[in-house]
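Worksheet: one structure, shown below.
Coordinate-derived values only; no laboratory data. Since the structure is predicted, the reported quantities are computational estimates derived from the model, not experimental observations. So basically every Cβ, Gly included, is an ideal-geometry build from the backbone, and we count neighbours across all protein chains shown.
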């Protein structure tokens, strides 16, 4: 069962940390309006909760069928990869000196 409240989705027996990343999409067919709705994952908070880009048209406590769509992978240039590595190194150095 899932609980859709505002911009948070709560799951039961879910593994969001392994299944989702920022940028993935959550799609539902709304049980009342029958409209398809899509929201983007903004944060994976835990194995049982995620934050999405905006609320669905109404809060839901339901077994509404849903699916995840993986975000396309972004190809980085060599220069972008070097910048990313440098930023990660700076964060690690900052974290270890704190």
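One equal scatterer on each Cα of the stretch 39-81, no solvent, Debye formula: the resulting log10 I(q)/I(0) at q = 0.22, 0.25, 0.30 Å⁻¹ is -0.96, -1.12, -1.26.
Evaluated at q = 0.19 Å⁻¹, the base-10 log of the normalised Debye intensity for the stretch 1-71, with identical point scatterers placed on the Cα atoms, takes the values -0.66. Ranked for footprinting exposure by Cβ neighbours inside 10 Å, fewest first, 40, 22, 50 give 22, 40, 50.
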